[in-house]
1. Among the DSSP beta bridges whose two residues both lie in region A:2-76, what percent are antiparallel, rounded to the nearest 5?
2. Take the alpha carbon gyration tensor of region B:48-115, find the square roots of its eigenvalues, order them as a ≥ b ≥ c, and report rounded if a/c is under 1.5; if not, report prolate when a/b exceeds b/c, else oblate.
3. Can you report the principal axis dimensions of chain B using only the alpha carbons, biggest first, rounded to whole angstrom?
4. Share of antiparallel DSSP beta bridges in the protein assembly as shown, in percent to the nearest 5?
5. Pick from B:Ile140, B:Ile167, B:Ile68: which residue has the top mean-square fluctuation in a GNM of chain B where Cα pairs under 10 Å get a spring?
6. Helix by helix, which DSSP H runs in chain B go 24 Å or more along their axis at the Cα atoms and have an average Kyte-Doolittle hydropathy of -1.0 or more?
7. What is the magnitude of the charge dipole of region B:56-172 about its Cα centre, with +1 placed on the Cβ of each Lys and Arg, -1 on the Cβ of each Asp and Glu, and no other charges, expressed in debye to the nearest 20?
8. If you wrap a convex hull around the C-alpha atoms of region A:33-155 and split its volume per residue, what is the figure in Å³?
Amino acid sequence: MEIKATINGDEIVKNINPNKRLVDFLRDDMNLKSVKEGCSEGECGACTVLLDKKAVTSCTLFAGQIDGCEITTVEGLEKTGELELIMKSFSKNGAIQCGFCTPGMIMSAKALFYKNSNPSKDEIIKAIEGNLCRCTGYNKIVKSIEEVRDGIEHE
Amino acid sequence: MNKSIFTAPKSLDELKTALSKKTHNTYIVAGGTDLAVGMNKNKIYDFSLIDITKIKELKKIEYKDDLIEIGSCVRMVDLEDNEIINKYVPSLSKAASCIGSTQIRNLATIGGNIANAAQCADTVAVLFAFDAEVEIINSIGEIRKELVYDVIQGIGQTTLKDDEVIIKVIVKGQEANEYSSFSKIGARKTVTISKINACIKLALNDNKITDSRVYIGSIGVKAVRSLLIENALNNKVFNEELKEKILELGSKQVLDSIPKRKSKDYKKIAVKGILDDIFCDIEKRRNLDE
């Protein structure tokens, strides 16, 4: 099946297997390895990407369904330069240990910022409730997102 | 091996055509949150899909002649935020807001929640309490209506035929003297699958309950109507004393419905918590109205 989609700002026209899950298509066909597969059932949020600027778990939809849509992954934020501030905030605050949940956390935070550029702490907590972290704990992650919100730059 | 075909109709007419070509291994997909996970888990790769999410008509919420028409591809996030739903079916907004995570609510649809027919489906308990109907289309374009309660036959079982798709959910909104609420409890505080859920809808005349509907989910193959609780509510004054009585009857209802299930000991206590939540929420809404 041929699809047209915008992936990380690039318009693509590509023949794909529409029955693949979006996570498999992004990792295997598009080589976007920031998208992590954790639980495979939409519970852990490691595979979170943006579909038309909204956070979705890419293990719970089929690749064919993104025809005509816009997808953003962490690689897309890297291209626009947005990733640097987020990454520095996460690392300075010790919000990354194994790092497996980090791309999903970042994409959930990005989706929140699209909706609300000045979210409260509670809104941040709600936005990442679908992202599990099993090593760092959430306080440091929430603090990092708060600092991104406030535009605090780290060296 | 069968050839996999992926079709994404853009109108009901195109959907009809797609349904007429449907084979035994063609699946209807909307949000995908159950189907994509299930296919991967069961290692099924050889199948065809009809993606109904590109049909604009199925994404609308409209208020028509006293009835609210909700397209089957309306997502949980839409139900949560929509003014019409918040005003006329607030318990549906609440149920939708309790489902999964933000990521899941951005995908999961009301039609999918019905067609998937899980015993813990959160919107379903509400739709039962409101006597909601669905509109179903088939491969020759015929449209039939059926109560959501009748469509769902058991866990994962519905009356939907192979060439049929739910296109709309029709709900009569609550009147000014009616109140409804929903609550659930699961293993985690948020992003949780209901271990038990419930919806109560009440009609009040001053402080007296003139009519009630009570459905409790996850204590049967589909949400169970509790006549025991309804009878205790009807013609009574809505107050703290009545609430205490209802919480006890909630436990009795659980024991009546699942006398042999191990989970009964947990659920007979948990039900009190969710019924208490519902009562408090209705009380809060009444105070806001006054």
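FYI, it's all coordinate maths here, none of it is from the lab. Everything numeric here is computed off the predicted structure, so don't read it as measured data. Neighbour counts are summed over all protein chains in view; Cβ atoms, including those assigned to glycine, are modelled from backbone coordinates with ideal geometry.
1. The antiparallel fraction comes to roughly 85 percent.
2. Judged from the Cα gyration tensor, region B:48-115 comes out oblate (a/c at least 1.5, b/c at or above a/b).
3. If we take the Cα atoms of chain B, the spans are 63, 45, 30 Å.
4. The antiparallel proportion sits near 90 percent.
5. B:Ile140
6. B:240-257, B:264-289
7. 300 debye
8. Each residue corresponds to 99 Å³ of Cα convex hull volume.
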